[in-house]
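Q: Dropping a structure here in structure tokens format, bear with me for questions.
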């Protein structure tokens, strides 16, 4: 039979009655020392003592003996996963001691944590609303990257110029590119490139060891991504001053700057492998067929899509796109934007976007017409993309990307040719549930912070959030 400890409950009962331990001991017919042992959870309570508590205080023994310590311990451990507690996180022994001896303090901490999460959620939602201004909380590193690129219209002429001058003379043939990049690293910078087995680089795809003058690439990378990683490394080395100059107006925190430097080096690599003028001409000629563009320039589908968002040169502008990447849970893992489409920064993307559907149709491009709450309409394509497989247990690690443009540009996109743009069905979408005003959406997952009207208990809509406003 499981032992039952009631120390905190017994102490609270005694204090509510303004009794000493001696007074409680007399009423229960036990010693003061035994009351002290019970209150400190050094003795488990017997059925006889529980019955005496009921007789002496009229308290239901089941309420006293009820044990919610497991749930509270789980709640505490979840709350303490917040990065605020990194480096100073209590261990399980300390949490159990606190649960046993200070349950009121635990309850107060959990109430404070819930209030903190609610306040943070409201602040982030307010900042994410169109026209919300600067975020009242520091942006995440991902948010810092998005905001920095957004301020620069997703286009960096300095890096485009550096990429255009990357090769002196005629660029190597596509099938000689990998060897040419290895030779450049070796002869110009004294850096050797080594292709290593996955087992030698667990959970790592590329590693630059400046001390050993060596770049290690994982065999998990396919050929296009090996090339991309080598150009990325050359960008970090040869464009260091240019990156520093761009980051002078970038994020103020170290994490944000580091992430922006990585994305700028990625931008440079994409510009080298997909030269601006050649890529724009090919995209226009083939109506933004991204499978064709990926094959033509020897890059991945995702890289070809991402490059399209950067074609913002004055006088030679491509179709302005937004780019969104999500995981299977709907979390936004990458976002870049050359349009007025508002992308979710925190939490998941709108469930009505068909980008979520692509996980059931891997490799297939899914087109869609969508409308935002402000009545602006966009043409969107979505498709899954494969990630490098580094272990047997991580084979299904696809992500999905979505690329969209305003409806005015849809005629330039080959994927829109099957749509009658004037009469085709349009899907109402939002940024995400927390700030979407569409109360009657059958996919809503949260009561939006901007919907302040209470629900009508007399009416049940298609969702529990639809019964707003008192009408039937």
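The values are calculated or read from the model by the stated rules, or taken from the named source; none is laboratory data. Remember, it's a predicted structure, so these values are computed and weren't measured experimentally. Positions of Cβ are generated from backbone atoms using ideal geometry, with glycine treated the same way; all protein chains shown enter the neighbour counts.
Q: Out of 289, 277, 354, report the one residue that is on the phi < 0 side of the Ramachandran plot and in contact with a helix residue (DSSP H, G or I) (Cβ under 7 Å, 6 or more places away or on another chain).
A: Criteria check complete, one pass: 289.
Q: Among the residues of region 167-177, is any within 33 Å of the chain's Cα centre (by Cα) and surrounded by 15 or more Cβ atoms within 10 Å (Cβ to Cβ)?
A: Looking for residues that are within 33 Å of the chain's Cα centre (by Cα) and surrounded by 15 or more Cβ atoms within 10 Å (Cβ to Cβ), one finds none in region 167-177, hence no.
Q: Additional query: Kindly check whether there is at least one residue in region 160-182 that is in contact with a strand residue (DSSP E or B) (Cβ under 6 Å, 6 or more places away or on another chain) and farther than 30 Å from residue 312 by Cα.
A: Taking every residue of region 160-182 in turn, at least one turns out to be in contact with a strand residue (DSSP E or B) (Cβ under 6 Å, 6 or more places away or on another chain) and farther than 30 Å from residue 312 by Cα.
Q: Here's another thing I want to ask about it. Could you please find all residues in region 285-296 being under 33 Å from the mean Cα position of the chain (by Cα) and either outside any loop (DSSP other than H, G, I, E, B) or crowded, with 17+ Cβ neighbours inside 10 Å (or both)?
A: 288, 289, 290, 291, 292, 293, 294, 295, 296 - these are the residues of region 285-296 that are under 33 Å from the mean Cα position of the chain (by Cα) and either outside any loop (DSSP other than H, G, I, E, B) or crowded, with 17+ Cβ neighbours inside 10 Å (or both).
Q: Checking residue 20 against (1) farther than 25 Å from residue 97 by Cα; (2) modelled with pLDDT of 85 or more; (3) surrounded by fewer than 15 Cβ atoms within 10 Å (Cβ to Cβ), which test does it fail?
A: Result: residue 20 passes all but (1).
Q: May I ask you to say which residue of 269, 242, 265 is farther than 25 Å from residue 194 by Cα and either crowded, with 21+ Cβ neighbours inside 10 Å or out of contact with any strand residue (DSSP E or B) (no Cβ under 6 Å at 6 or more places or on another chain) (or both)?
A: Unique residue meeting the criteria: 242.
Q: Same structure, new question: Can you name the residue in region 297-331 that is within 11 Å of the chain's Cα centre (by Cα) and without any contact (Cβ under 8 Å) to a residue 40 or more places away in the chain and is also surrounded by the most Cβ atoms within 10 Å (Cβ to Cβ) among such residues?
A: Across region 297-331, the extreme among qualifying residues is 330.
Q: Tell me, which helices (runs of 4 or more DSSP H) wholly within region 59-130 include 2 or more residues that are modelled with pLDDT of 70 or more?
A: Passing ranges, in order: 69-79, 92-101, 103-128.
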